[in-house]
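Colleague: For reference, the structure I am asking about is given below.
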């Protein structure tokens with residue numbers, strides 16, 4: 001089966017692979033540029049992206065804004081391909097960070113972990129495309145109805161299933177009891193919904209399937225369900241080009257199904273992560289510094305600081321490691337080119 005190019009507005013990815021954004025600092029300019037150079041879409045994570053800036057602890061907003069500009073610039077220097085940025089809609093200063101990425105002429109903004117209703121106004125007057133992440137046709141309908149008030153459609157929709165890593169758009173009990181709708185079925189429902197808008201308004205809104213995609217067979221199955229593109233994250237972690245520490249990559253290589261758990265994140269959402277000592281000891285972790293990353297976060301009421309956990313992990317210490325399901329096939333360090341070749345060859 002030959003895979004078609006992925007067209008998002010006037011952007012064309014020669015191969016329909018979108019590298020998922022992974023924060024904090026797991027997918028920065030290095031990984032994003034490598035994927036873009038192979039003809040896919042590389043994604044820089046915008047979550048606490050300024051963690052390496054010298055003033056991050058004192059002024060995280062200024063550090064993040066500066067790093068958004070520098071990471072986009074570095075990606076452009078390394079690649080002429082399509083570069084996206086991923087921002088959590090629920091994070092503090094979401095609009096400020098998206099505006100900065102738009103000023104830097106980022107190609108595409110991908111956003112989930114909440115409904116990114118504000119995206120149309122944030123990219124107004126620019127060439128930046130927008131792709132909200134949804135986990136149901138209901139969420140897709142709400143977003144499209146909202147965007148229509150701005151006379152705008154999403155340029156693509158990322159449909160994320162229950163096998164994805166990080167924060168998930170499903171109920172905790174459904175995830176634990178394996179009662180969530182399968183990704184291919186959600187894709188079919190969202191595709192059907194979008195077709196009605198496409199027919200009425202004469203637009204094209206590609207669907208990008210995401211969550212637990214590991215093989216070419218997965219891609220073929222989702223393509224037959226109606227997916228135009230395929231967002232993949234976990235497979236790109238144990239690659240030479242990934243921006244995370246080697247210890248982080250080794251955690252993926254050594255993980256099995258038993259070590260991957262559904263947890264309740266401090267932000268109040270269910271999430272999938274690799275079980276680490278950090279997670280088993282969270283009841284005894286003192287929060288010494290609030291990074292002001294999430295609204296309504298009270299350090300006295302949460303088991304651990306999510307930013308601290310993610311920062312520890314990406315820098316090679318014991319911390320919080322988000323991952324997708326089914327890592328059994330990930331058992332060695334590889335390269336971006338090898339990952340993509342296995343998926344599309």
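Colleague: Select from region 1-20 the residues that are crowded, with 24+ Cβ neighbours inside 10 Å and under 17 Å from residue 102 (Cα atoms) and list them in ascending order.
Modeller: 8
Colleague: OK, next. Suppose we filter region 249-264 for residues that are within 14 Å of residue 275 (Cβ to Cβ) and in a helix (DSSP H, G or I); how many remain?
Modeller: Summing the residues that are within 14 Å of residue 275 (Cβ to Cβ) and in a helix (DSSP H, G or I) in region 249-264 gives 6.
Colleague: Regarding region 38-55, can at least one residue be identified that is under 16 Å from residue 105 (Cα atoms), part of a loop (DSSP other than H, G, I, E, B) and under 14 Å from the mean Cα position of the chain (by Cα)?
Modeller: Looking for residues that are under 16 Å from residue 105 (Cα atoms), part of a loop (DSSP other than H, G, I, E, B) and under 14 Å from the mean Cα position of the chain (by Cα), one finds at least one in region 38-55, hence yes.
Rule-based calculations on the coordinates, nothing more; no lab input. These numbers come from a predicted model, not from an experiment. Because the Cβ atoms are built from the backbone with ideal geometry, glycine has one as well, and the counts that use them run over all protein chains shown.
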